[in-house]
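Since the structure comes first, as structure tokens, the remarks are kept for the end.
The values are calculated or read from the model by the stated rules, or taken from the named source; none is laboratory data. Since we're looking at a predicted model, the values are computed, not measured. Reconstructed Cβ throughout: ideal geometry from the backbone, glycine too, with neighbour counts over all protein chains shown.
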Amino acid sequence: MDAIFLQILNGLDKGGAYALIALGLTLVFGTLGVVNFAHGALFMLGAFCAVTLNRLLNISFERVSETEKDFLGNPRVEKVPYIEQWFGPDLAGFLLDWSVPISILLTIVVMAVIGVAMERGLIKHFYKRPHADQILVTFGLAIVLQEIVRHYFGANPIPQPAPDIVAGAANVGSWLGLGDNVIYPWWRLVYFLFSALVIFAVFAFLQFTTFGMVVRAGMQDRETVGLLGINIQRRFTVVFGLAAVVAGVAGAMYTPILPPDYHMGMDFLVLSFVVVVVGGMGSLGGAVLAGFVLGILQSFASMNEIKSILPGIDQIIVYLVAVIVLLTRPRGLMGRRGVAEE
Amino acid sequence: MLGTFSRSDWLLLVIFSAVVLTLPWTLEPIGAAYPDLLQKFAIYGIFAVGFNILFGLTGYLSFGHAAFLGVGSYAAVWSFKLLTMNVLPALALSIAIAGVFALLIGYISLRRAGIYFSILTLAFAQMSYNLAYSVLTPITNGETGLQVRAIRKSAEVSLRDGDVRIIDQALGIPEVGVPITNLFGMKMSGYPGFYFCAVLLIVCFFIAMCISRSNFGMMLKAIKSNQNRLNYTGIHTRPYLIAAFVISGMYAGLAGSLLSITDPIAGAERMQWTASGEVVLMTILGGAGTLVGPVLGAGLIKYAEQKVSSWNEGILHGAFSFLPEPVQDFVVEFFSFFVGEGWHLTLGLMFMIIVIFLPGGVMEGFRRLRRAFANGASPPPRPVATTTPIAERD
Amino acid sequence: MKILYPNRRKILQLGAAAGAATLATPHFFSRGAFAQSMDYRNAPTGDTVTLGFNVPQTGAYADEGADELRAYQLAVEHLNGEGDGGMLNTFSSKALEGNGINGKKVAFVTGDTQTKSDAARASAKRMIENDDAVMITGGSSSGVAIAVQGLCQEAGVIFMAGLTHSNDTTGKDKRANGFRHFFNTEMTGAALAPVLKNAYGTDRKAYHLTADYTWGWSQEESIKKYTEGLGWETVSAVRTPLGAGDFSQYLTPVLNSGADVLVLNHYGKDMVNSLTQAVQFGLRDKQVNGKDFVIVVPLYSRLMAQGAGENVKGIFGSTNWHWSLQDEGSKAFVKSFGEKYGFPPSQAAHTCYSQALLYADACQRAGTFQPSEVGKALEGFEFDGLGNGPVLYRAADHQCFKDVLVVKGKENPSSEFDLLEVVEVTPRAQVEYDPELLGGELGPYNDGV
């Protein structure tokens, strides 16, 4: 029982991450009609926004230590962050400790700029081009972004600790009257709440604002909206920026769980496409639903009890579910007729 | 079928054959004339030509073709291990098994179209990859890859670690150490291996031409331009699609088999989605729907992978040694960003530049050049024979 | 950066010489099956000899590969008599004179393995077929090492394995032309188990998470074998997909399993992720069966451990070499590497540097580059002064036998490199095993003609 409860938590947590990544992807596809293979790279860039902030806060001046030696036996050069000198150790410590949550602010700004620049500079010219061309150009862009990050940050994962107060595990069991063995990392709970919040915000934005209404209308029928004299083009730019921001913050907040490296975007790319397609291309609700469904199923498939019956099932469950869903529901869980079927 | 060939078709075939067979000389100046890379050009050329039969003609974008490449490789190595080091049974076995595999996957996947089809094929390939890497290790030898080994001494040794080679044993062919692949005694590594692959590439190219010019090919192109209309006229398109899928799967199986023939090892990573993606990129890069384009795309990507990645700073310093030192250092610093360990960056930029400026791939570039030379003034642009826009349809 | 490289240009130009030479000569008639006049493959004809450094330059192990390449460049420098000579000065064999190998200057070519067997073999083939490399070395995973070793056997050149830890490299898949300096999972098990016993007692219940591929299985097998020998019980051994990223679904079952030790048979990114997440799950703060819950990472890589940050503190593992060792060889190597690049070398760098030196020394002693002769010079070779104490290159399986380091994540690191502390140097005698144990057959040498 405890085990099942924990796997549901795992599934929700994974599902949150999947849904966040898939949301932006399906939004861009639904409105702009663009298959964006650089979406994983946006997730990765968001994660590196968190790394960058941490590095910025750690910009240091050097001080030669009188007592300690370095590995070659020379006097050790100590690095003291400027912020420690400016704000004193307490505030500096606080800023460093909370650098991941704080980095969300930086991520939003940076990713919005990157998203808008990407749409204006590149994606705009590919609206009318075949999907194959879109795939090639965005895949090329993803590689370029990746290599630039590698050039500055190296290939190794870079640890990004969560703030101390949420670094450990929460005794979820005691809250719910379950056993003592039901513990769950605080940060993952935070991440789940965060993803729920972001998903809710995106839906609210599209549902309750005039802007969102126009975008939804554009998703249904771009030409008519254009004929009504609405500048749908500009709104598309904003939508792409929004997708970039959502992917970015998803990446930034994920860093304490998965130390980021330059390749993490590619690792998520295939999975996010599977999530989007299982949900139904261009369906926001479908993407979120598919994210959670796949997350939970993946967690359950990894249980020893199930693996002992079906060895290797945890390796293929996501794809197996995708095949089954697509064969029984032609347009995924919530896809619309005629979208991306040719 | 051959009657439909025009004179320029025959000319294309002859020129293509001549170019392929003289590659060991013509590629000398760019340092690509060594057996392994030449073999890879030919093999991935076959893979891309086959992929293009599906994607270029019907517009169905399969993201799982690497699965057939992998299956072909494993089948070939098993043929070496169980039957004989002669390559012909391996070829036949690989093509047959890849064909059956393609029939199974195609039959299911082709129930859907568009991106749903792409994801179905991707899912099958990824499942094959993940299982081959882990659970199916008894058949695939997992991460290490399936290798040819010496004849096993007793039946206790597993077949993975010791071979039987029934036919070779029955014929009493002597073996020293681990034997190499051969075609009736001619070893299939080095240049003979390249010429073997090259001849097969030409044959495959010829078959692809036949398909493209045949009624069957016309039907495939019709599916691409408007499948609905075909359906309304009462034509059942699925059998055609399945046939195209199986043919291109067999091409992939052949390519996989050749990979094992020229270098007898089969690894799971050949089935990974990146490998499937690679053939898609090759085809689009060269020019989807064209005959020669995919081969060119395959050559470009393999050249980048093999040669550009090897240009370390030392080689750059050598190449720019005519420059004065400070300039040389700067130039080397600049270029080392793109070559050696930065070769991925070059690849990424190449994808972007070609698709931005040459929609229709490298072949489009050639067409433009030819037009520019043919008549100085630019005639009205011909519609590019690549894919149709799929984006706006609702 | 340039100031740190007094001899860089010369080295680079030697690299260039190899490249340029191959660009200039028409290969088709001058090499390969058509014109092989010497008695072995790629016999150097000019005044240079070309070595092939095949390391991962892209993908997850790119940083490790870069460190290997740095070590090779340093080794080439030292072999050619430039720089401070590094471990050449402490090496027990004095055959090398700092004038190259057999009087020929050492040049090199590089390639990218991408940590994929296919790519690694293609890259090695280029170096052999196109660049006339007489030896291939490097790599950062066992799958690649075994694949390239097989290729070198077929092609008839020597392969000096880089970082590869699977038993199979010198076990089931050993080849006459292949040699390994790095240790293996069997030695890790034999060295680690007694230390674990002293630290955690004999009454422990272990839960294994194992990367689902050959190295992972090999590691799990060895650790199980030796810990069960101590009286530990293996509660469960769960396979995780390579590159799983999020391990939460494999970690939660540990909580209820009754186990009090978690063994992470992961390497590289998998290790970083699973360890980080295991610590987040509060496993290390738990008490099970009245004991503190502990985590063990059998194979440590200092370079990768940086990615796990604070989480490695107090966690046991094993390593081939560590820069904090205080013998003369290690000190000399750390000094010349550190002065050139500004940070201490990794174990991957050390094993690659050693392999380059060992190969050069064997060629010098044999007086030729012919694989069969070089191999014989390496077989049964006993040496010292390369940072691992007295070492034997065993003839029966071409595996080096040396002391194994058991390390622990340091509680109070003094720098970003100071992550591990050596807790025990397990003597060589304790990790030796019968060559028959791992099976396989070396077969005959292949000189490539």
Next item on the list: Only helices (runs of 4 or more DSSP H) wholly contained in region A:230-342 count here; list those with 1 or more residues that are of a type in the set (Lys, Arg).
Entry: A:232-254, A:304-309
Margin query: Considering only residues that are in a helix (DSSP H, G or I) and crowded, with 22+ Cβ neighbours inside 10 Å, which ones fall in region B:21-46?
Written below: B:Pro35, B:Asp36, B:Leu37, B:Leu38, B:Gln39, B:Lys40, B:Phe41, B:Ala42, B:Ile43, B:Tyr44, B:Gly45, B:Ile46
Next item on the list: Restricting attention to region A:229-265, report how many residues are of a type outside the set (Val, Ile, Thr) and at the interface with chain C (Cβ under 10 Å from one of its Cβ atoms).
Entry: 9
Margin query: Could you go through region A:129-150 and let me know if any residue there is out of contact with any His (no Cβ under 6 Å at 6 or more places or on another chain) and not in a helix (DSSP H, G or I).
Written below: yes
Checklist line | Residues that are facing chain C (nearest Cβ under 9 Å), buried (at least 22 other Cβ atoms within 10 Å of the Cβ) and under 30 Å from B:Gly50 (Cβ atoms), drawn from region B:306-353 | finding: B:Gln306, B:Ser309, B:Ser310, B:Trp343, B:His344
Note to self: Tell me whether region C:207-223 contains one or more residues that are surrounded by fewer than 20 Cβ atoms within 10 Å (Cβ to Cβ) and either more than 30 Å from C:Ala147 (Cβ to Cβ) or in contact with a Lys or Arg (Cβ under 7 Å, 6 or more places away or on another chain) (or both).
What the structure shows: no
Next item on the list: Being more than 24 Å from the chain's Cα centre (by Cα), closer than 28 Å to A:Val34 by Cβ and not basic (Lys, Arg) narrows it down to one of A:Leu326, A:Leu310, A:Leu294, A:Leu333, so name that one.
Entry: A:Leu326
Next item on the list: Would you mind stating whether B:Ile235 is among the hydrophobic types (A, V, I, L, M, F, W, C), closer than 30 Å to B:Leu136 by Cα and not assigned by TED's automatic domain parsing to the domain that holds B:Trp343?
Entry: no
Check: Is one or more of the residues making up region C:99-110 under 19 Å from the mean Cα position of the chain (by Cα), more than 14 Å from chain A (Cβ to nearest Cβ), buried (at least 24 other Cβ atoms within 10 Å of the Cβ) and not charged (D, E, K, R)?
Finding: yes
Notebook entry, point to check: Can you find a residue in region B:69-78 that is within 14 Å of chain A (Cβ to nearest Cβ), within 20 Å of the chain's Cα centre (by Cα), closer than 21 Å to B:Val246 by Cα and in a helix (DSSP H, G or I)?
Noted result: no
Item checked: helices (runs of 4 or more DSSP H) (entirely within region C:153-267) containing at least 1 residues that are outside the structural domain of C:Thr113 (by TED's automatic domain parsing), within 19 Å of C:Ala120 (Cβ to Cβ) and of a type outside the set (Val, Ile, Thr) -> C:214-230
Check: Looking at B:Leu230, B:Leu254, which one is part of a helix (DSSP H, G or I) and in contact with a Cys (Cβ under 8 Å, 6 or more places away or on another chain)?
Finding: B:Leu254
Notebook entry, point to check: Can you find even one residue in region B:301-315 that is free of Cβ contacts under 8 Å to residues at least 24 places away in the same chain and either in contact with a Phe, Trp or Tyr (Cβ under 9 Å, 6 or more places away or on another chain) or among the hydroxyl-bearing types (Ser, Thr, Tyr) (or both)?
Noted result: yes
Notebook entry, point to check: Is region C:64-86 home to any residue that is in contact with a Ser or Thr (Cβ under 7 Å, 6 or more places away or on another chain), more than 14 Å from every other protein chain (Cβ to nearest Cβ) and of a type in the set (D, E, K, R)?
Noted result: no
Margin query: Just to be sure before I move on: is C:Lys340 basic (Lys, Arg), crowded, with 17+ Cβ neighbours inside 10 Å and in the same structural domain as C:Lys104 (by TED's automatic domain parsing) in the structure I sent?
Written below: yes
Item checked: Any hit, region A:308-322, residues being acidic (Asp, Glu), touching a residue at least 40 places away in the same chain (Cβ under 8 Å) and crowded, with 24+ Cβ neighbours inside 10 Å -> no
Next item on the list: Answer yes or no: is there a residue in region C:175-183 that is within 10 Å of chain B (Cβ to nearest Cβ), modelled with pLDDT under 90 and crowded, with 24+ Cβ neighbours inside 10 Å.
Entry: no
Checklist line | All positions within region B:97-117 that are out of contact with any helix residue (DSSP H, G or I) (no Cβ under 8 Å at 6 or more places or on another chain) and more than 8 Å from chain A (Cβ to nearest Cβ) | finding: B:Val100, B:Leu104
Next item on the list: Out of B:Ala288, B:Ala266, B:Ala298, B:Ala252, report the one residue that is within 17 Å of the chain's Cα centre (by Cα), within 13 Å of chain C (Cβ to nearest Cβ) and buried (at least 22 other Cβ atoms within 10 Å of the Cβ).
Entry: B:Ala266
Checklist line | Total residues in region B:217-249, condition surrounded by 17 or more Cβ atoms within 10 Å (Cβ to Cβ) and either of a type outside the set (A, V, I, L, M) or in contact (Cβ under 8 Å) with a residue 24 or more places away in the chain (or both) | finding: 15
Check: If only one of B:Leu120, B:Leu136 is modelled with pLDDT under 95, touching a Ser or Thr at 6+ places or on another chain (Cβ under 6 Å) and facing chain A (nearest Cβ under 9 Å), which one is it?
Finding: B:Leu120
Note to self: With the requirement that a residue be at pLDDT 90 or above and closer than 30 Å to B:Gly59 by Cβ, what does region A:135-170 give you?
What the structure shows: A:Val137, A:Thr138, A:Phe139, A:Gly140, A:Leu141, A:Ala142, A:Ile143, A:Val144, A:Leu145, A:Gln146
Margin query: Which count do you get for residues in region C:301-337 that are in a loop (DSSP other than H, G, I, E, B), among the hydroxyl-bearing types (Ser, Thr, Tyr) and buried (at least 23 other Cβ atoms within 10 Å of the Cβ)?
Written below: 1
